[in-house]
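The values are calculated or read from the model by the stated rules, or taken from the named source; none is laboratory data. Here the structure is a predicted model, which is why all the values come from computation and not from measurement. Note: ideal-geometry Cβ built from the backbone for every residue, glycine included; neighbour counts use all protein chains shown.
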Amino acid sequence: MANYTVSILTDDVFNGGNLAAETADGGGLSLREALALANGNGNASDNITFAPGLAGGTLFLTNGELGISTDAITIDGDINGNDTPDITISADSALGANDADTRVLTISDSNAGTTISATLNGLVIRDGNALPSMYQAAANGGGIYVREGDAVTLTNSALLDNTATGSGGGIGGQEVSITVRHSTIAGNTASSDHGGGIYNTGHHRGDRFDRRGQPGHRWRWRWHCRLPQ
Ligand SMILES: [Ca+2]
Ligand SMILES: [Ca+2]
Ligand SMILES: [Ca+2]
Ligand SMILES: [Ca+2]
């Protein structure tokens, strides 16, 4: 198991170095650098935390969305352990800029045959914007996009003011696993009519969902979740 402590809230880029090199450049270890090291660590478990002095701060993603692409990565922003977020991640360039052209985070190992699971705790994930690309007429998952059968557990967190041109303003996924507990989902919108808050055709659990069940095939049910927030 590898532990990484993020020490700066600037969006310092990963330059292909090891932990010492990435910590030495740009004034410290950024979340982007920590994630690159964790993703490069195979499927060993990785725990990413934040230095106490960063409590209450915001990371503005000036270098595009973040990615989790290997199993068992945890990002824990609850620095003081009281089950509330202490770190905010915004896709905007500055507070209130409302200029994001990326989502906040994608979770995918690009393989529908294998499942990776990510755990997010104590984070405010906000202002993401999933836009169409040359590959997608409309993009899903403005805050968090879960792909290829993969899984996310979000606890003690908030999804705020994220937007998607497709489905799932806050979190979007298809045939994935989404678990949300003790979290606030507010102000998210989707341009399609599916899931302003959360959209998924796979499995999801949580403590405040309005769920509509539809029969899938013989052996399981598909859940189609809409949260009109
Ligand atoms: Ca670097
Ligand atoms: Ca650095
Ligand atoms: Ca806290
Ligand atoms: Ca997968």
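What about residue 53, is it farther than 25 Å from residue 128 by Cβ, away from ligand 2 (no atom under 14 Å from the Cβ) and at pLDDT 95 or above? Give the derivation first.
Working: farther than 25 Å from residue 128 by Cβ: yes; away from ligand 2 (no atom under 14 Å from the Cβ): yes; at pLDDT 95 or above: yes.
Spelling it out, residue 53 is indeed farther than 25 Å from residue 128 by Cβ, away from ligand 2 (no atom under 14 Å from the Cβ) and at pLDDT 95 or above.
Just checking, does segment 77-90 include any residue being under 28 Å from residue 148 (Cβ atoms), in contact with a Lys or Arg (Cβ under 8 Å, 6 or more places away or on another chain), of a type outside the set (A, V, I, L, M, F, W, C) and away from ligand 4 (no atom under 16 Å from the Cβ)?
There is at least one residue in segment 77-90 that is under 28 Å from residue 148 (Cβ atoms), in contact with a Lys or Arg (Cβ under 8 Å, 6 or more places away or on another chain), of a type outside the set (A, V, I, L, M, F, W, C) and away from ligand 4 (no atom under 16 Å from the Cβ).
Scanning for something touching a residue at least 12 places away in the same chain (Cβ under 8 Å) and closer than 27 Å to residue 38 by Cα, does segment 185-195 turn up at least one residue?
No: segment 185-195 contains no residue that is touching a residue at least 12 places away in the same chain (Cβ under 8 Å) and closer than 27 Å to residue 38 by Cα.
Out of 102, 84, report the one residue that is part of a loop (DSSP other than H, G, I, E, B), within 15 Å of the chain's Cα centre (by Cα) and within 24 Å of residue 159 (Cβ to Cβ).
On the way: 84 fails: within 15 Å of the chain's Cα centre (by Cα).
On inspection, the qualifying residue turns out to be 102.
Give me the residue from segment 87-99 that is part of a strand (DSSP E or B) and closer than 14 Å to residue 129 by Cα and, out of that set, farthest from ligand 3 (Cβ to nearest atom).
In the first step, residues of segment 87-99 are kept if they are part of a strand (DSSP E or B); the result is 87-90.
Imposing the further condition that a residue be closer than 14 Å to residue 129 by Cα reduces the set to 89-90.
Details: 89: 15, 90: 18 Å.
Taking the candidates together, the pick is 90.
Please verify whether segment 40-48 includes one or more residues that are within 15 Å of residue 118 (Cα to Cα), more than 16 Å from ligand 4 (Cβ to nearest atom), of a type in the set (A, V, I, L, M) and surrounded by fewer than 20 Cβ atoms within 10 Å (Cβ to Cβ).
Scanning segment 40-48 turns up at least one residue that is within 15 Å of residue 118 (Cα to Cα), more than 16 Å from ligand 4 (Cβ to nearest atom), of a type in the set (A, V, I, L, M) and surrounded by fewer than 20 Cβ atoms within 10 Å (Cβ to Cβ).
For residues that are part of a strand (DSSP E or B) and not hydrophobic (A, V, I, L, M, F, W, C), scanning just segment 1-30, find the one that is surrounded by the fewest Cβ atoms within 10 Å (Cβ to Cβ). It would help to see each step written out before you state the result.
Filtering segment 1-30 down to residues part of a strand (DSSP E or B) leaves 2-6.
Restricting the remaining residues to those that are not hydrophobic (A, V, I, L, M, F, W, C) gives 3-5.
On the way: 3: 12, 4: 23, 5: 15.
For segment 1-30, the residue satisfying everything is 3.
For (1) touching a strand residue (DSSP E or B) at 6+ places or on another chain (Cβ under 7 Å); (2) part of a loop (DSSP other than H, G, I, E, B); (3) among the small types (Gly, Ala, Ser), each residue gets a yes or a no:
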{"residue": "64", "(1), (2), (3)": "no, yes, yes"}
{"residue": "75", "(1), (2), (3)": "yes, no, no"}
{"residue": "119", "(1), (2), (3)": "yes, no, no"}
{"residue": "125", "(1), (2), (3)": "yes, no, no"}
{"residue": "132", "(1), (2), (3)": "no, yes, no"}
{"residue": "152", "(1), (2), (3)": "yes, no, no"}
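Tell me which of these residue 141 doesn't satisfy, since it passes every other one: (1) within 21 Å of residue 161 (Cβ to Cβ); (2) more than 16 Å from ligand 4 (Cβ to nearest atom).
Here residue 141 meets the rest and fails (2).
Determine, yes or no, whether residue 33 is part of a helix (DSSP H, G or I), farther than 28 Å from residue 112 by Cβ and either among the aliphatic types (A, V, I, L, M) or within 19 Å of the chain's Cα centre (by Cα) (or both). Even if it seems obvious, please write down each step before you answer.
Values: part of a helix (DSSP H, G or I): yes; farther than 28 Å from residue 112 by Cβ: yes; either among the aliphatic types (A, V, I, L, M) or within 19 Å of the chain's Cα centre (by Cα) (or both): yes.
Considered against the rule, which asks whether it is part of a helix (DSSP H, G or I), farther than 28 Å from residue 112 by Cβ and either among the aliphatic types (A, V, I, L, M) or within 19 Å of the chain's Cα centre (by Cα) (or both), residue 33 comes out as yes.
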